[in-house]
Amino acid sequence: MLISSDEPISVNGKRYRGSISFRINNSKLDIINNVEIEDYLKGVVPKELSASYPLEALKAQAIVSRSFAMANINKYKKLGYNLNDTTSSQVYYGLDAEKKRSNEAVDSTKGLMVYYGDDIANTIFGASSGGIVADASEVWGGKSIPYLASFEDKYSTYNWDISLKNSDLKRIFGKDIYSLDLIEKDSSGRVKKILINGIEELKTSTFRSKIGNAKFKSTLFDIERTSDGFKFTGRGYGHGVGFSQYGAVEMAKQGFKTEDILKYYFKGTDIR
């Protein structure tokens, strides 16, 4: 079923531009917003980067989000839609998310995307690299991508720490944890595997997700034993690949233009 209107359409308390389709998929109801790319971006950009940030950073985010959407436009084609509204694609809240400044960023960059040669770049992005961008192939496997390689990032230096008591770790992992050792790192220094109690290897991504990605903010960290548990001191927020949002904001504050920011994070690319 398709619902269309000249006015925004409200679904589950959110308003959307374009039209709305309803489709049954494996006994589940999919609600699909059919919307033009530029209108879609107006519901994405302010959810990915606060509209209070400098305009040059917002414009960079708009171009990154447009490029990412188009590079991944067929990701969910078999399910009958192109993208979803979560971080698996990009956070999308429709019309109610829109802000004047982020709309300006979208409108002023209309149609512009990041290209590597003749192809639209898969402009992966995250909150902060923590001072060194991760290589996509080391984070997720696959072939090395030149514009998603590791490099030192002096503009994105987010730091974090978290202390966990022995009782916290027992509750999370279901057993007493006496020792934690970092046994494998990638070229950017991100921890790939942790050795628990000297015998059990665990992927750091799994370790992090069990604790909670919002608390344990990255895999770029060190461990310190405390009297009643462990202290984790780290840098960065998220996977660390590609465009750093915190770095883009800092570059914009220092006077860099949108194209400078994008070419810094996606080396060897063009904006057109």
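Please treat every number below as a calculation from the coordinates, not as lab data. Values in this document were obtained by computation on a predicted structure and should not be read as measured data. Backbone-built Cβ (ideal geometry, glycine too); neighbour counts: all protein chains shown.
Counted by neighbouring Cβ atoms within 10 Å, the residues 70, 113, 251 run from fewest to most as 70, 113, 251. The residue among 254, 134, 29 whose Cα reaches farthest toward the positive pole of the charge dipole of the chain, with charges on the beta-carbon of Lys, Arg, Asp and Glu, is 29. So what's the back-of-envelope 222 nm ellipticity for the chain, counting only DSSP H runs of four-plus at -39500 (n - 2.57) apiece and dividing by all residues, rounded to 500? Helix contribution divided over all residues of the chain: -7500 deg cm²/dmol. Shown for 261, 132: other C-beta atoms within 10 Å of each C-beta, ranked fewest to most, produce the order 132, 261. About the centre of its Cα atoms, the range 19-152 shows a dipole size close to 380 debye [charges on the beta carbon of Lys, Arg (+1) and Asp, Glu (-1) only; nearest 20 debye].
Entry note, the range 159-235: relative contact order of 34 percent, from Cα contacts under 8 Å with a spacing of 6+ residues.
Karplus-derived 3J(HN,Hα) values for the range 214-219, using 6.51 cos²θ - 1.76 cosθ + 1.60 with θ = phi - 60°, are 6, 8, 9, 7, 7, 9 Hz; glycine and proline are entered as x. Shown here for the range 148-199: trypsin sites (Lys or Arg not before Pro) in loop regions (DSSP other than H, G, I, E, B) with at most 14 other Cβ atoms within 10 Å, namely 154, 175. The alpha carbons of the range 115-216 give a radius of gyration and a Dmax of 16.4, 54 Å, in that order.
Along the range 53-59 the Karplus relation, 6.51 cos²θ - 1.76 cosθ + 1.60 evaluated at θ = phi - 60°, assigns HN-Hα couplings of 6, x, 4, 4, 5, 5, 5 Hz to successive residues, with x for each Gly and Pro. Among 27, 89, 144, sorting on how many other beta-carbon atoms sit within 10 Å of each Cβ, with the fewest leading, yields 27, 144, 89. When the alpha-carbon atoms of the range 159-235 are used, the pair Rg, Dmax equals 11.4, 33 angstrom. Loop-located GluC sites (Glu not before Pro) in the range 34-143 (DSSP state not H, G, I, E or B) with no more than 11 neighbouring Cβ atoms inside 10 Å: 36. Residues in the range 237-248 carry Karplus couplings, in order, of 9, x, 6, x, 8, x, 6, 9, 5, 5, x, 4 Hz; the curve used is 6.51 cos²θ - 1.76 cosθ + 1.60 with θ = phi - 60°, and Gly or Pro positions show x.
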